[in-house]
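Step one of this worksheet: look at the structure below.
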Amino acid sequence: LISSRVGLIHMIVALTRQLSRSLHRPPAAPIRTIFTMMGQSASHHHAFLEPTTATAIAAMEKRKSSPPASKEEVATVATGCFWGPDYLVRRQFGDGRGLISSRVGYTGGKSASPTYRQVCSGATGHAEAVNVKFDPSKVSYAEMVEFFMRTHDASDAGGQGNDRGTQYRSAIFTHNDDQKQTVDAIVKDLEEAKRYGGKKVATQIVPASEWYEAEANHQDYLDLNPDGYHCPAHRAYW
């Protein structure tokens, strides 16, 4: 009897932890859904997306013909629930294609050192975001920005999919004037191409502010939890 009670307690603790991680999330959707949406079978091999905007193509050609001296650059973006974009950017630019690291966290808010639970409430003003370090000789900032823009609905000002609220907003946090100019040019390319059905891009473009890294259990989340929740808005839109 004692053994049964101990087992029951352990099960309740495990379920409580899982519910905490899934706070404010819809029911889980199998990760293989994203591969189907991106034109892949369930083989779990990501189809590399080549740049399509004039700005990103020009940047790609420039880095190939005249590689920059810098070996590291940073991009900070928010495209909804941070588990999905973190997972996708690893598949797109990992394995020697330019990605150095990808970490999820919170930025753009008004309080210091927010927790996941606080950010999910929407009260802190932070966005769930991804902070990416990359080698600009292998992938340009413009290519990185286009990838994030084409793998979420940048015309949605209220969140992504079922994840609603400012904490799930579309935003790019620029680290210098060159990044701001690049983002503006890509947004112009996307709107002229009517990539979101003719809708205007709703993505906020603001200077980068204090970055707060998310708790350890949110890092590499979908790699560690293959059947975990993946927002259906995170897919290739073209």
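Results, tabulated for the structure shown:
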{"quantity": "53, 115, ranked by accessible area, largest first (probe 1.4 Å)", "calculated": "115, 53"}
{"quantity": "Virtual spin-label span in nm between residue 220 and residue 123, 7 Å along Cα→Cβ", "calculated": "3.3"}
{"quantity": "Inter-site label distance for residue 213 and residue 199 at 7 Å from Cα along Cβ, in nm", "calculated": "3.5"}
{"quantity": "³J(HN,Hα) computed for each position of segment 59-67 - Karplus, 6.51 cos²θ - 1.76 cosθ + 1.60, integer Hz, glycine/proline x", "calculated": "5, 5, 5, 5, 5, 6, 7, 9, x"}
{"quantity": "Simple label model, 7 Å out from Cα along Cβ direction - residue 70 to residue 111, nm", "calculated": "3.4"}
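The values are calculated or read from the model by the stated rules, or taken from the named source; none is laboratory data. Given the structure is predicted, the values throughout are model-derived calculations rather than measurements. Reconstructed Cβ throughout: ideal geometry from the backbone, glycine too, with neighbour counts over all protein chains shown. Surface accessibility is based on the protein's heavy atoms, side chains included, excluding ligands, DNA and RNA. Shrake-Rupley method; radii C 1.70, N 1.55, O 1.52, S 1.80 Å.
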